[in-house]
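The values are calculated or read from the model by the stated rules, or taken from the named source; none is laboratory data. All values derive from a computational prediction rather than experimental measurement. No Cβ is skipped: glycine too gets one built from the backbone with ideal geometry, and neighbour counts run over all protein chains shown.
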Amino acid sequence: MSNRPLNVGLVGGGKGAFIVHPHQRAIHFDGTRRVVAGALFPDPKIALEEAAHWPYPIKGYGSYDEMIAANASLPADQKLDYILIVTPNFVHYDPAMKAMKAGIAVFCEKPLCLNLKEADDLVKTARKLNIPFGVAHTYLGHWISRLSRYIVRSGLLGEVRWVDSYYLQGWLATKLEATGQTQAVWRVDPKRAGGSGCGGDIGTHALMQLRYVTGLEVVQLSAQLETFVEGRMLDDHFTIYCKLSNGGKALVRASQICIGHKNDLGIEIAGTKGTLRWVQEEPEAVTILLPGQPDRVYWRGAVSPGDGFLPKDVPADLMAEPTIPAGHPEAFHDAFARLHRCFEADVRKWKEGKAFKCDGAKYANVEDGWMGIAFIETCVKSSQKQGAWTAMPKAA
Ligand SMILES: NC(=O)c1ccc[n+]([C@@H]2O[C@H](COP(=O)([O-])OP(=O)(O)OC[C@H]3O[C@@H](n4cnc5c(N)ncnc54)[C@H](O)[C@@H]3O)[C@@H](O)[C@H]2O)c1
């Protein structure tokens, strides 16, 4: 494949949409990917108008069906290389399936879809067609998440005993949906959001952070899904006590009613030799607590392998991943860019007919998305039985 930029088509993103914008900036970050097309809104007329007013020229389509159909029969080097799905959760499954069947790779927002039946289909199709499929768990894209994964998975903290993985927000502490606020309205509607509101929206990020960094799975859980705002149909507070695959325990928790909390995602991992602590609102540093020693703070771009804690052989690809020197802060957009960059590498291999990994090490894949949906469904079941311990289904 030549070094032409990869061409990306957007599904969703018109009229005051939120997450499309960090994504589209991140797509353009390296000059090796660009947005060239979009089906931006459910109403075809508005979709075309929105595309005509996009900040740079793109080809507008009245619907994602049209966009995918127009690309399906094109030769591989002319069709869209991947689509980015940034619609509400109930419009993930259909465009993802159709794109894969048209030979277009998929980068999809989380949660993957609405239920386990849809998730099963997506996993089976991606495997059968051997097509790259990424899921936008943003926080894995911080370099410190990569370093944390290395530290924990290589045993530097010993055996993991306890994890507290959380995502706290306060924006739904009042009945914002009653004002018609775009992002709130569909997030509290089970038909459009899925079986859990807070859990699906941000609890899945907390779960993914735990799984990504530790490599452990939740095997059983006891869930409390609570709704503090009167008249709301879905949970706005989500507290899950978990048994992990190594015998350790974890709390995966999320809330949308914690006034003052913005995007307070964090993780604390206590092992038999030490503890790791990271918060995404200050994403450039991770703290390691060791017995009888001063706390160690590692900054992105400023770690020195062989320092008495980190071994000399920290993987070269991890050390090479930062893009700018330490102290010039990276944040949310850089995390998205790192995910798209790594996804791009797999899409290019796939287009060249080479083996590609898509194994969850660099970005969440369709199986990770499946696990998020399985977690939500198991939490809903447990909570309906007053928090009864409930087994997670086996991996897809
Ligand atoms: N990874 C993250 O950090 C993160 C953050 C926010 C949202 N999200 C996820 O991103 C998705 C979108 O969330 P948002 O907050 O941007 O929502 P939003 O409501 O701001 O935007 C959704 C967009 O999809 C469009 N849309 C709806 N149906 C469509 C259809 N049939 N065809 C074309 N466009 C259609 C809407 O018109 C709107 O432009 C959700 O799945 C959400 O969970 C992820």
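Table: residues versus (1) in contact with a Phe, Trp or Tyr (Cβ under 9 Å, 6 or more places away or on another chain); (2) of a type outside the set (S, T, N, Q).
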{"site": "185", "(1), (2)": "no, yes"}
{"site": "206", "(1), (2)": "yes, yes"}
{"site": "209", "(1), (2)": "yes, no"}
{"site": "219", "(1), (2)": "no, yes"}
{"site": "224", "(1), (2)": "yes, no"}
{"site": "234", "(1), (2)": "no, yes"}
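Looking at region 1-26, which of its residues are within 14 Å of the ligand (Cβ to nearest atom) and surrounded by 19 or more Cβ atoms within 10 Å (Cβ to Cβ)? Write out each step before concluding.
Taking region 1-26 as the starting set, the residues that turn out to be within 14 Å of the ligand (Cβ to nearest atom) are 9-26.
Scanning region 1-26 gives 9, 10, 11, 12, 13, 14, 20, 23, 24, 26.
Residues in region 123-131: is at least one of a type in the set (A, V, I, L, M, F, W, C), within 20 Å of the chain's Cα centre (by Cα), under 18 Å from residue 371 (Cβ atoms) and more than 14 Å from the ligand (Cβ to nearest atom)? Yes, region 123-131 contains a residue that is of a type in the set (A, V, I, L, M, F, W, C), within 20 Å of the chain's Cα centre (by Cα), under 18 Å from residue 371 (Cβ atoms) and more than 14 Å from the ligand (Cβ to nearest atom). Where helices (runs of 4 or more DSSP H) sit wholly within region 282-396, those with at least 2 residues that are in contact with a helix residue (DSSP H, G or I) (Cβ under 7 Å, 6 or more places away or on another chain) and buried (at least 21 other Cβ atoms within 10 Å of the Cβ) occupy 332-351, 366-384. Only one of the numbered conditions (1) farther than 23 Å from residue 393 by Cα; (2) touching a residue at least 60 places away in the same chain (Cβ under 8 Å); (3) within 12 Å of the ligand (Cβ to nearest atom); (4) not in a loop (DSSP other than H, G, I, E, B) is violated by residue 171, and that is (4). When restricted to residues that are basic (Lys, Arg) and either assigned to a helix (DSSP H, G or I) or modelled with pLDDT under 95 (or both), region 30-50 contains 1. On the stretch given as region 66-110, residues that are out of contact with any strand residue (DSSP E or B) (no Cβ under 8 Å at 6 or more places or on another chain) and under 16 Å from residue 42 (Cβ atoms) total 6. From the residues in region 51-83 that are of a type in the set (A, V, I, L, M, F, W, C), assigned to a loop (DSSP other than H, G, I, E, B) and within 28 Å of the chain's Cα centre (by Cα), which one is nearest to residue 349 (Cα to Cα)? Ranking the qualifying residues of region 51-83, first place goes to 76. Residues of region 190-207 being on the phi < 0 side of the Ramachandran plot, crowded, with 24+ Cβ neighbours inside 10 Å and either more than 10 Å from the ligand (Cβ to nearest atom) or not in a helix (DSSP H, G or I) (or both), which ones? Across region 190-207, the qualifying residues are 196, 197, 198, 199, 203, 206, 207. Scanning region 138-147 turns up no residue that is closer than 27 Å to residue 43 by Cβ and within 14 Å of the ligand (Cβ to nearest atom).
A count restricted to region 267-281 and to residues that are part of a strand (DSSP E or B) and surrounded by 20 or more Cβ atoms within 10 Å (Cβ to Cβ) stands at 5.
Do the conditions hold for residue 152, that is, is it within 29 Å of residue 315 (Cα to Cα), in contact with a Ser or Thr (Cβ under 8 Å, 6 or more places away or on another chain) and part of a helix (DSSP H, G or I)?
So residue 152 passes the test.
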